[in-house]
Amino acid sequence: MTDPIDPAEFGITDWRSAAEESLHRIVLLDEQIKAMTEEREALRTAVKLELSSDGTPIIDGERGLVATLRERRRNASIDLISMAKRPEMEAHIIESARAGMLNASLTPLRAMRGKVAWADALLSMEMPGGITSTLTIQDTTKGG
């Protein structure tokens, strides 16, 4: 009988072991990113509030930084509420739905579940979203 093949002889490393070793680093980085993201959002909110009350640009001359508020257009949308109130437009709503042009926002729709018949009717036609894989790493030394 021959000796078992050693992958290291061919330059193949134990990727499973390497992945195991990197778990703690991933968790640490996730915690740091979360803390930094929260800090950044708090700072951005403070700067936006200041610029909202006084539109004069905030200038950090030492570092060459300038903060201003810029107006941004929101995406246009169709006023389906007004359209539904006009009997001559109802058929157009139905035809656009048949053509796949209308989508329902599920979060507010789910909040209406059991409260109105139309929400229940729409939710009865909910289509599954599919499956995707997400890496989840839990720190079992912390209670959550």
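Every read-out reported here was derived from the displayed coordinates using simple, explicitly stated rules and does not represent laboratory data. Every value quoted in this text rests on a predicted model; they were computed, and no experiment measured them. Reconstructed Cβ throughout: ideal geometry from the backbone, glycine too, with neighbour counts over all protein chains shown.
Observations
- The structure shown yields Cα extents along the principal axes in Å, and of the options [x] 47, 32, 29; [y] 84, 61, 34; [z] 58, 53, 26 that calculated value carries the label [y].
- Residues of type lysines that LYS142 reaches as a straight line, Cα spacing below 21 Å, ignoring anything fewer than 8 places off in the same chain: LYS34
- For the chain, relative contact order (Cα pairs under 8 Å, six or more residues apart, normalised by length) works out to 12 percent.
- Sum of -39500 (n - 2.57) over DSSP H runs of 4+, divided by residues of the chain (222 nm, nearest 500): -15500 deg cm²/dmol
- Net charge dipole size for the chain [Lys, Arg +1 and Asp, Glu -1 on Cβ; Debye, nearest 20]: 1060
- Using the Cβ-Cβ distance between ARG98 and ARG72 with R0 set to 30 Å, the FRET efficiency from 1/(1 + (r/R0)^6) comes to roughly 0.35.
- For the pair region 1-52 / region 79-109, the C-alpha centres are spaced 45 Å from each other.
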